[in-house]
Every structure is written in structure tokens, then in C-alpha cells.
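S.K.: Submitted below is the structure of interest, expressed as C-alpha cells.
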Amino acid sequence: MAESRDDEQLGLRLAAVAVLGFVLTIPPFLARFDRVGQVFGVPVLAAYLFLVWAIMIGLIAVIGGRSR
């Protein structure tokens, strides 16, 4: 019983991370970062996408690590 509840919570957390990743990459948010300029020599939009990608990987790693 407790194992199925843990699996359900894990699934909900991963779904929440997926929704967050989707929301952070929809065009209205991307348009806010599509401007001329650079961050550490990288265009702002590319830096934003890399940051979102790294955050998603970090969140998934934290959530996956807790499930053990």
C-alpha cells in the first residue's frame, strides 16, 4: 500500500516538472528572452534555454534520488 502511494507521488512530481518545463518553453516566455544581447558570450535566448534544461535535469535528479 505504501509503495503504490510513493509511486503515485513520484509520478505526480515528475508530471509537475514536465508541466514546468513546458510552461517555461512556450513562445510567450521564449519571446521575453529573444533579444539582442549576450550572457557570458552566449545569446540571451540560448542561455535561457540552457538554464531551463539544466534546471529540469536537476529537478528530475533530486526527485529520482528521493524515491530510493
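The values are calculated or read from the model by the stated rules, or taken from the named source; none is laboratory data. Everything numeric here is computed off the predicted structure, so don't read it as measured data. Don't worry about glycine lacking a Cβ; one is built from the backbone with ideal geometry, like all the others, and counts go over all protein chains shown. For accessibility, only protein heavy atoms count, side chains too; no ligands or nucleic acids. Shrake-Rupley method; radii C 1.70, N 1.55, O 1.52, S 1.80 Å.
S.K.: Looking only at segment 44-67, count how many residues are closer than 20 Å to L10 by Cα and either in contact (Cβ under 8 Å) with a residue 60 or more places away in the chain or touching a Gly at 6+ places or on another chain (Cβ under 6 Å) (or both).
M.R.: Of the residues in that region, 2 qualify.
S.K.: Could you give me the residue pairs with C-beta distances under 9 Å whose first residue belongs to segment 1-30 and is under 19 Å from G58 (Cβ atoms) and open to solvent by 70 Å² or more (accessible area, probe 1.4 Å), whose second residue is among the basic types (K, R) and at pLDDT below 95 wherever it lies, and which are 6+ apart or on separate chains?
M.R.: As it stands, the answer is R13/R66, since those pairs meet every condition given.
S.K.: Restricting to segment 33-62, count the residues that are surrounded by fewer than 11 Cβ atoms within 10 Å (Cβ to Cβ) and more than 17 Å from the chain's Cα centre (by Cα).
M.R.: The qualifying residues number 6.
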